[in-house]
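Data first, discussion second: the structure below is written as structure tokens.
We did not get these values from a lab; they are worked out from the coordinates using the rules stated. Since the model is a prediction, treat every value here as computed from it, not as a measurement. All Cβ positions, glycine included, derive from the backbone under ideal geometry; neighbour counts span all protein chains shown.
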Amino acid sequence: MVRPFDIRDMSTLQRLGARGRSLALESSHIDGLNPLIDAVRSVLQIGVAFPHTADRQVILTHRVEGGAADALAMIQLVAARPGNHPRVALVTYASPAPNTDQSTAAWEALIDAAQSLAASELVRFMVAEVPEDSREEDIFRANGFVPIIHQDLLKLTPTNRDRVRSHSPGSQPSVPVEGMRVQAEKDDLHIRLLAGRVIPKVAAMHMGNVDPTRILHQTRTGYLLMHAQEACGHVSINRGRRARCMRLLFRHDLPEIEPKIAPMLESVIRDESVASGQTIYCMLPSYLSWLLPILDELGFVHVMSTSTMLKHMTAVVRTPVWQAKKIPAAAGLIRNDHRSRFTRT
């Protein structure tokens, strides 16, 4: 049996909170996902777990008939982008880990209940980030989810971070690369055009031209690399409570910008390291895997790989814009026949 989280389940959450799996890497590694605090927020409706969203968080608990709760799942209902864009439901956390048949059955019941919730909330897509080739991925596949993007989570080692900071000329942002500048509000169109050229069309069509890997990413600071008055590179920085995360967009079809990528990233790392001593992560999707040698030279190491799983909650119904209808013969209509060019009926 699955039901919404109740304040009486707080002891259950304390017991299960440390035994689960984060299904949204940016919320766990960068923002510091705390199931206990987020549960209180969801019950009391004091803010939301992710301040940039306009919707809410829901926690579901699973219990055996007549017994105590033995599993829980956290679902975040968000808008993919501000405005009239499709709503998305993200499964961000589930506990305990599906290491036994009992916990696996609980996960399946929770995912099924989450789908019912998403349908009642008019959600178009459900998304979850799961470890690659894991039991979690098998469970989501069995419930109708499909993997659409592979991602690598990279971490800048403290030794290399300190090396970059030691070469910093000061605490002010530096822009030593030709064509590089700090992102401004007017650059939103540049970034969208760049994303349209970099993100695979299949992934974009699945999510209605929204990158599913960036739904929970908040751009606190951004840097653009301009070439021929067009954006050919973008670095977005999310400054969370625990760490900072870089998201990258670079065009691979312009060989002349490739020598500028490493100096640009080093400049960004220098600025972020001087401003804060937090750990710096980089989320790199598979379509940007050609940047891995550059990040390796800068000192990033691989932490884990994930698959972004997606499920459509709506069906496309195609109807014609217009439909030809037979017009009955009526008095006064002009008709063309073989006897006369124009004959009035």
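Taking amide hydrogens as modeled 1.01 Å from N in the peptide plane, which residues meet the under 5 Å criterion relative to Gln218, leaving out close sequence neighbours?
Here the answer is none, since no amide H 5 or more places off falls under 5 Å of that of Gln218.
What's the long-distance tail for the stretch 228-318, i.e. % of Cα pairs beyond 21 Å?
41
Quick check on packing: order 91-97, 18-24 by the mean number of other C-beta atoms within 10 Å, highest mean leading.
Output ranking for 91-97, 18-24: 91-97, 18-24.
Between Glu132 and Thr219, how many nm apart are label points set 7 Å from Cα along the C-beta direction?
Inter-label distance under the simple model: 2.7 nm.
Given a Förster distance of 45 angstrom, what is the FRET efficiency for Glu258 paired with Asp101, based on the Cβ-Cβ distance and rounded to 0.05?
Plugging the Cβ-Cβ distance into 1/(1 + (r/R0)^6) gives 0.35.
Which order, highest average first, do 134-143, 181-190, 296-305, 229-238 follow once you tally other Cβ atoms within 10 Å for each residue and take the mean per peptide?
Most protected by this proxy first, the peptides run 229-238, 134-143, 296-305, 181-190.
Would you pull out the residues with amide H under 5 Å of Ile149's amide H, same chain only if 5 or more places away, H placed 1.01 Å from N?
Here Thr308 satisfy the definition.
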